[in-house]
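Report on the structure given below.
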């Protein structure tokens, strides 16, 4: 699967990594900053997604398209499209450019708008990556879990780095009889929930 990473994708990943690092150093507004996952988390997500059951692949929080590129590898392996959602106009513009330059418009469909509304139109979700505004995580959890197929995965980023704001959602996941959950110390921490 990783052999499908083209030279152009590698260049774009490097550009987004450098942009993210620069914005973190400069203290760019949290409303605009890309805040993307590290490369090892991208590989981890691609492997998880590639081994998910049949169904839809969804990403809540496209940002600049970095994680979508990693997830597209699993999508190409499976012959499906990633449905990724972003609400912020600046990030949508970066993501569109990224996906076009990476030649991933066939593998990734970008939905513009409020994920809480858009996800309601999805069913049979096999894999969902959640990396949006942390205040929305619990609402997203409540929307996605009932739509997961048996064996489907919800992976929520920042489960360690933002444990304070995500504590309620993490505790809900850990005690939810519908899922088996664990927090993996990868990158900023990944909460993985598997539908029973």
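Tell me which residues, restricted to the stretch 63-87, are over 13 Å from residue 127 (Cβ atoms) and under 15 Å from the mean Cα position of the chain (by Cα).
Passing the criteria: 63, 64, 65, 66, 69, 85, 86, 87.
For the stretch 71-83, the criterion of being crowded, with 21+ Cβ neighbours inside 10 Å, touching a strand residue (DSSP E or B) at 6+ places or on another chain (Cβ under 8 Å) and at pLDDT below 95 is met by no residue. Restricting the stretch 18-51 to residues that are in contact with a helix residue (DSSP H, G or I) (Cβ under 9 Å, 6 or more places away or on another chain), assigned to a helix (DSSP H, G or I) and surrounded by fewer than 16 Cβ atoms within 10 Å (Cβ to Cβ) leaves a set whose member that is modelled with the highest pLDDT is 47. Selection of the stretch 114-151 for residues being out of contact with any helix residue (DSSP H, G or I) (no Cβ under 9 Å at 6 or more places or on another chain) and surrounded by 20 or more Cβ atoms within 10 Å (Cβ to Cβ) yields only 148.
What are the residues in the stretch 147-159 that are at negative phi and under 16 Å from the mean Cα position of the chain (by Cα), if any?
148, 152, 153, 154, 155, 156, 157, 159
Kindly indicate whether any position in the stretch 57-65 is assigned to a helix (DSSP H, G or I) and in contact (Cβ under 8 Å) with a residue 12 or more places away in the chain. No: the stretch 57-65 contains no residue that is assigned to a helix (DSSP H, G or I) and in contact (Cβ under 8 Å) with a residue 12 or more places away in the chain.
The values are calculated or read from the model by the stated rules, or taken from the named source; none is laboratory data. Treat the numbers as computed from the prediction; the structure is a model and nothing was measured. Positions of Cβ are generated from backbone atoms using ideal geometry, with glycine treated the same way; all protein chains shown enter the neighbour counts.
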